[in-house]
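Asks: Right, I'll just put the structure down here and ask away after.
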Amino acid sequence: GLISYTLGTHRRPLALWHQDNDVPEELVTYGAYRYIRHPFYSSFIVALFAVMLSCPAWWTATIVVYGAVALSYTAWCEERRLCKSSFGPQYRAYLRHSGRFFPKPRRVVP
């Protein structure tokens, strides 16, 4: 469901692979990206955990850890590149209120 929602959020077709020379055309902070910066990666992580729960074994746990680390590193590289792009100030503001893979807990003001 999250993958479909994320695909529906984009107004332009997505590049399938991130290249070093990719230049962002717009900053998407609405739809699936409103609370999560990397909803595609979030859905992959949830799927990995589902596999581990349905088939608990040391090798599935290893796959989950490897996948989570690889996705975290990839997300970190993308975020660093976006902070250096022309969208840098906007993206840094977006970082403060959105979670990388899961929504940030909201503060409850009494």
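The values are calculated or read from the model by the stated rules, or taken from the named source; none is laboratory data. This one's a predicted model, so the numbers in the text were calculated from it and none came from an experiment. So basically every Cβ, Gly included, is an ideal-geometry build from the backbone, and we count neighbours across all protein chains shown. Ligands, DNA and RNA are stripped out before the accessible areas are found, and what is left, the full protein with its side chains, is counted by its heavy atoms. Shrake-Rupley method; radii C 1.70, N 1.55, O 1.52, S 1.80 Å.
Asks: Which residue is least open to solvent (accessible area, probe 1.4 Å), if the candidates are limited to segment 88-110 and must be in a loop (DSSP other than H, G, I, E, B) and either under 27 Å from F49 (Cα atoms) or touching an Asp or Glu at 6+ places or on another chain (Cβ under 7 Å) (or both)?
Replies: Among residues in segment 88-110 that are in a loop (DSSP other than H, G, I, E, B) and either under 27 Å from F49 (Cα atoms) or touching an Asp or Glu at 6+ places or on another chain (Cβ under 7 Å) (or both), the one least open to solvent (accessible area, probe 1.4 Å) is S98.
Asks: Of the conditions (1) part of a helix (DSSP H, G or I); (2) of a type outside the set (G, A, S); (3) touching a Lys or Arg at 6+ places or on another chain (Cβ under 9 Å), M52 satisfies every one except a single condition; which number is it?
Replies: (3) is the only condition that M52 fails.
Asks: Can we say T60 is open to solvent by less than 60 Å² (accessible area, probe 1.4 Å), part of a helix (DSSP H, G or I), β-branched (V, I, T) and free of Cβ contacts under 8 Å to residues at least 24 places away in the same chain? Give the steps one after another, and end with the answer.
Replies: Working: open to solvent by less than 60 Å² (accessible area, probe 1.4 Å): yes; part of a helix (DSSP H, G or I): yes; β-branched (V, I, T): yes; free of Cβ contacts under 8 Å to residues at least 24 places away in the same chain: yes.
It is true that T60 is open to solvent by less than 60 Å² (accessible area, probe 1.4 Å), part of a helix (DSSP H, G or I), β-branched (V, I, T) and free of Cβ contacts under 8 Å to residues at least 24 places away in the same chain.
Asks: May I pose another question? Kindly provide the set of residues from segment 68-87 that are exposed (fewer than 13 other Cβ atoms within 10 Å of the Cβ) and of a type outside the set (F, W, Y), ordered by number.
Replies: Hits for segment 68-87 are V69, A70, C77, R80, K84, S86.
Asks: For I45, which of the numbered conditions (1) under 22 Å from G1 (Cβ atoms); (2) open to solvent by 100 Å² or more (accessible area, probe 1.4 Å) fails to hold?
Replies: Exception for I45: condition (2).
Asks: In addition: Looking at segment 1-20, which of its residues are modelled with pLDDT under 65 and either surrounded by 12 or more Cβ atoms within 10 Å (Cβ to Cβ) or of a type outside the set (D, E, K, R) (or both)? It would help to see each step written out before you state the result.
Replies: Going through segment 1-20, the residues modelled with pLDDT under 65 turn out to be 13-20.
Residues satisfying the conditions are P13, L14, A15, L16, W17, H18, Q19.
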